[in-house]
Amino acid sequence: MALPLPPGLTPPEIAFLCEMELVTVIPRQKLERLELLGGSLPPLNPPHRAPLPLWLALLLKRQRRANILPPLWLSPHSLTAILDHETEHGDGFSPPPRLPPLPSQNTLPFSPPFLPSSTADAAPDALPYHWLELGEMLLETAADDFEDPDSVRKLLRGLREVRMAKLRQVVETLDAAGGVNMNGVGGMEVAEGRTFVTGVIDGLRKIVTSREQQKKDRDREERENGDDYDDDEMEMQ
Amino acid sequence: MALQQRIRYRQAHAPGATFLTYTPNGKKLITAGVDNFCRIFSTGSDDEPVTVDDVQENNTAIVAGAGFFIAGSEDGTVSKYSLENNKFEEILVRTSLPVRDVALSPDGNWIAVASEEIAVKVVNTKDMTQIQILNEQTRAIKHVSFDSSGTRLALSCTDGNIYVYSLGSGEPDMIKKVDGMIKSLESNAEASSKVLWHPDGRAFATPTASREIQVMSLSDWERQRSFKTSHSQDITAAAWSPNGALLATTSSDLSLCLWDAKTQKLLKKYDDMKATILAMAWHPTENILSYTNNDGELYIHTDIVPAEHASLLQKSVQPAPFFHDPAEGRAGIAANQLANGTKHVLPERRARAGTPDSLDDLLGSDVMDDDDAGDLADFVVDDDGAGYAPAINGHGKRTNGHLPALQSPKGKRRAYGSSFQPEIHEGFQPGSTPWRGNRRYLCVNLTGWVWTQSQESSHHSITVEFHDTENHRRFHFTDPFKYDKACLNENGTLFSCQPSSGSPAMIYYRPHETWTTRTDWRTNLPAGETVTAIALSESYVVATTSANYVRIYTLFGLPIRVYRQKASPAVTCAAWRDYVLTIGNGPVGGDGMCQLLYTIENVKHDEIYQSEDIVALTPNSTLVSVFFSEEGDPYIYDSTGVLLTLMHWRTNGQARWVPMLDTALLSRLASGNKQESYWPVAVANHASGAPKFHCYILKGADKHPYWPQPVLSEFGFQIPLSSVSDKKAKDAAEDEMDLSDDDEDSAAIKKTVESQQSTLEQALILSSTLHTQLSSTLAHTRPTSHQRQALTNLEVDIDKTLLQLLAQECLAGEDRGMKALEIVTLMRDANGKMLDLANKVATRYGREVLGEKIRELEERRLVGLDEEEDV
């Protein structure tokens, strides 16, 4: 069936997934506990902080019913440190946040979006999987909750450029059996890089296949010739 | 003496810019002008002045210390002259461009030289090889000025900014660039932009472009009051009187004005000047103002302050004209903010009375007070370092080695033997901040916050805002009474104001909502009584007053109790439902501070739970805040950053203070490169049931929150068991563990086990403390089902933690069996299954002997033997 969309997730889909991430809000009005399909939400009781999924936080923020506390890694200080790390180490991405210790018994191990990687007490020194889209969304809706939104915006843009440049660069090593370490690459970056990288790989594959085709053709020709020869010999015998 | 003769006019120099200075003791007056000599006039004598030759021409600045004076000239030299033989001594500094100003530090050891060069040189007057260069500014400096402690230097730059440097030990450091205060002037302009440090050291003033004298406070760099001078042209000189009570200004419009610093009112205007006055100097002690003009003339204006105001000059150092003097609000806090060693005088401090029969009284003041007295004062010269003269540090100051270590700066007053005064704890209102600029918080808590802003000193405007914007609406009103204390809760807001000109102190309660018309009420206190603190609970209003009364009203203003507080003067109070906590100063403790005593009572039952018990503070620390938690337990926060709660406070004699959180041990400070403090707001239970400490995090050296309002932060409790460095080592070990997951490094494992153990220990003591607290609360109140559930949860938590500890001990080996058994005996065994479980744990690890003992214990508990044995 002809699907008009390119393979993989589109950026809006990634952003939608990102809205499951938990962020910390300071509510400005009371709200009872909500039982939702995705789990129950804590009761809101101003000014106590509460972790909420991003979609609800943004909704409340737009209605001025809450303030969102940006995660620590979105502070200009941390972003500058991460950006420095990115520019200094040209060969890899800054490491993703450390995983929490495994839960003891037979509960399922957590993965994003159920990790508290974007709440106010998240690790300040690492970019989580949804860093780009989360940062963009928070800056768009809750810019007044940032201490210095302009510099955060600038740093995010800087980080994006540096990391995308790296992602494009690794394509050079992608021919033949080359592999790339993608540790620490965010969801939106994968989505953005996908068209380019897959395009390159497809192109490479085409070149390689045409070369292989030629080789195969030549082989076949040779084989055919050889076969003839063999046949001749066979006949000779 | 004829009236006209009061103004003695002397032709000091050839017509042209002329400058003057007094020696520190005021005996001599030295002038410098365009010609190549300086003149030394003796105060109170009409004799011909002494002339000092070998001076450069076109002098632009002159300063005098004890026994010497220093003149700077347009040819770029700054020379030092001796006052003993009135001879040239040496050239201290040479600059490539004309010198514009010279300032001498109060101790006479350093001069700052401003020239047309950009850099300002600070040179030691005794050793000109000691030199510091200040070059943060972008253009030439017009004026330099030392503050009264000599540690700060203000440069008035020709680019219209003021650069304030700190000259502590080590490199000079620019601490502030003040923008927009002064006019941008050419460095040789007649008009002045000089920084005038107020003698109390907490503020400075400068002439502004609009010909005002603007005062700025040093602690927060906020503009304070200004003197609206009526000069029609630029101000050319201004000077504070030596005690800071008066300000003299003059301008090119040929008038000279005297201002009362306290009211900023004009006291006297002299407008008969013949030429523009370029320099003015107050006599250090007498009612004389001398000034020189740009015509080479010197005026020694005796009795410059009219007789009816002359008493102003006799006062001790007056406070600088702040909008809201921090010293008036919470003197203790405000004074602590000043840098150590800064000379500050609180308004209530009395001047020391003269010693009866002192040498001066017997011999007359003139005998010893010659000019040489300045030298005599330090005639013991420690030239071989034997230590009989006080040692001086690199800055020419006495070190503080001669002071006993115990004495804090505030404590110095105690050194005067007979005039011993205990240090009392100043009263304060929990959750309020002192004035900063024209705003302050009156009350901050989890309901909302109340803040006030002063409007042109005639009235204030008060804003009450809420965290929960749905239930309550923020409101705002104009406040002619100038309320200075407020309390806020879900039901209403309580204000109080101090008595002012005729009207007594007042308490004002304003409920948020009622089902009838709004029933706010006001009540006046008896005349002369001021309010030290107020508190508001769900059912009562409490006020402690200067007459040591505790006054309790109902929510509708019925006075129901008035009694005198035993511990006085009152410090603060807090209230929660029927409970009232008052704190007052008690007997003097070992550190010279009064111990704080608290009393907790139940107003409804008229029962006193704790009477005059001690608020446990460490020596030299002060109380910062006191409040009841959401659950109704008293908490205090002290200046060392420890949050303490009162345990068993409903049983008389059983109360004790338990530290719940030491903010100095927080892991966020572990890196050591963060400087922040925590301003307590409240303790409340999180949705998960764990109590949290809510506070504002203040960056740097701030002590109080300001605008924009910081975000409330919350921290879980952490009873101080181990220090940060331990924790850090453990964290590092954990990191290591994460990295080397595969190779079974036994050392790393051991460390992880240890860190687990310390986490468990922390959890154990925390939950058992909370359990004790909650169970004692429940024993005295009707428990809600929620609370009962919380108590059971805590019990289960304790036993669970103990089980985990037991498992660790079992894992460690057979030889730890004794400790394992001890852990088992600690179990509360709320549901009767815990000992069973403990037995199972022991069996699982194959500790048969331990299992045996646990079973024994279980049996003993069943028959109830265990309890008796313990007793």
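The values are calculated or read from the model by the stated rules, or taken from the named source; none is laboratory data. What you are looking at is a predicted structure, and each value in this text was computed from that prediction instead of being measured. Every residue, glycine among them, receives a Cβ derived from its backbone with ideal geometry; neighbour counts consider all protein chains shown. For accessibility, only protein heavy atoms count, side chains too; no ligands or nucleic acids. Shrake-Rupley method; radii C 1.70, N 1.55, O 1.52, S 1.80 Å.
Each residue, B:LYS699 and B:HIS459, gets one label point 7 Å from its Cα in the Cβ direction; the gap between the two is 3.7 nm. Here the stretch B:439-720 was treated as a single set of alpha-carbon atoms; its pair distances binned every 10 Å from 0 give 6, 27, 36, 25, 6, 0 percent.
Residues of the stretch B:426-468 with amide nitrogen under 17 Å from the 7 Å Cα-to-Cβ point of B:SER210? Only B:438, B:455-458 pass the distance filter. Inter-label distance, B:LYS176 to B:GLN654: 5.3 nm, where each label sits 7 Å from its Cα along the C-beta direction. Using a probe of 1.4 Å, the accessible surface attributed to A:ASP144 totals some 110 Å² when neighbouring protein chains are kept in position.
Largest accessible area first, the residues B:HIS704, B:HIS476 order themselves as B:HIS476, B:HIS704 under a 1.4 Å probe with ligands, DNA and RNA left out. Label reach from B:ASP220 (point 7 Å along Cα→C-beta): in the stretch B:453-485, amide nitrogens under 14 Å belong to B:453-455.
Tell me, in nm to one decimal, what length is gained between B:LEU266 and B:ALA616 on full extension, where the rule is 0.36 nm per residue of separation less the Cα-Cα distance? Please report the intermediate quantities before stating the final value.
Details: separation 350, 0.36 × 350 = 126.00 nm, distance 5.13 nm.
Gain on stretching B:LEU266 to B:ALA616: 120.9 nm.
Between B:ARG139 and B:ARG474, what length in nm is gained on full extension when 0.36 nm per residue of separation is reduced by their alpha carbon distance? Walk me through the numbers before you get to the answer.
Values: separation 335, 0.36 × 335 = 120.60 nm, distance 4.86 nm.
Difference between extended and current length: 115.7 nm.
Let me check something: with ligands and nucleic acids excluded, how do B:SER785, B:SER115 order by accessible area (1.4 Å probe), largest to smallest?
On the way: B:SER785 90, B:SER115 0 Å².
Ranked from most to least accessible, the order is B:SER785, B:SER115.
A:GLU212 contributes about 100 Å² of solvent-accessible surface, heavy atoms of the protein only, 1.4 Å probe. Here A:PHE16 sits with roughly 140 square angstrom of accessible surface, probe radius 1.4 Å. The phi torsions of the stretch B:142-153, fed into the Karplus equation with coefficients 6.51, -1.76 and 1.60 and a -60° offset, translate into couplings of 8, 9, 10, 7, 8, 7, 5, 8, x, 9, 10, 10 Hz, rounded to whole numbers, with Gly and Pro shown as x. The distance separating the Cα centre of the stretch B:249-288 from that of the stretch B:631-677 comes to 55 Å. Restricting the stretch B:786-844 to trypsin sites (Lys or Arg not before Pro) that sit in a DSSP loop and have at most 14 other Cβ atoms within 10 Å of their own Cβ leaves B:ARG828, B:LYS833.
Convert 4 °C to kelvin, take the viscosity as 1.567 mPa s, use the Kirkwood radius over C-alpha pairs of the stretch B:527-631 as Rh, and evaluate the Stokes-Einstein diffusion coefficient in µm²/s, rounded to a whole number.
On the way: Rh = 14.0 Å.
D = 92 µm²/s.
Counting Cβ atoms of other protein chains within 10 Å of each residue's Cβ and taking the mean over peptide A:40-50 gives 5.
The packing ranking, built from the mean of other Cβ atoms within 10 Å per residue, places the peptides B:613-620, A:8-15 in the order B:613-620, A:8-15, highest first.
List the relative contact order of the stretch B:127-280 as a percent without decimals, with contacts defined as Cα pairs under 8 Å and 6+ residues apart. Let's see the in-between values first.
Working: 362 pairs, mean separation 21.1, N = 154.
Result for the stretch B:127-280 is 14 percent.
Checking the cross-link pairs B:LYS485/B:LYS604; B:LYS176/B:LYS269; B:LYS121/B:LYS703 against a 31 Å limit on the alpha carbon distance flags B:LYS176/B:LYS269; B:LYS121/B:LYS703 as lying beyond it.
Relative contact order for the stretch B:439-720: 8 percent, from Cα pairs under 8 Å spaced at least 6 residues apart, divided by residue count.
Leaving ligands and nucleic acids out of the surface, order B:THR285, B:THR519, B:THR843, B:THR582 by accessible area at 1.4 Å, largest first. Don't jump to the answer; show the numbers that get you there.
Details: B:THR285 100, B:THR519 50, B:THR843 75, B:THR582 5 Å².
The residues order as B:THR285, B:THR843, B:THR519, B:THR582, largest area first.
Taking GluC sites (Glu not before Pro) across the stretch B:451-485, the ones in a DSSP loop with at most 16 further Cβ atoms lying within 10 angstrom of their Cβ are B:GLU456, B:GLU470.
For B:LYS315, a cut-off of 20 angstrom between C-alpha atoms picks up these lysines, skipping any fewer than 8 places away in its own chain: B:LYS262, B:LYS265, B:LYS268, B:LYS343. Loop-located trypsin sites (Lys or Arg not before Pro) across the stretch A:56-94 with a Cβ neighbour count of 15 or fewer within 10 Å are A:ARG64, with loop assigned by DSSP. Close amide H contacts of B:THR640 (hydrogens built in the peptide plane, cut-off under 5 Å, sequence separation of 5 or more or a different chain): B:THR622.
The B:GLU308 and B:SER230 beta-carbon pair, evaluated with R₀ = 30 Å, returns a calculated FRET efficiency of approximately 0.90.
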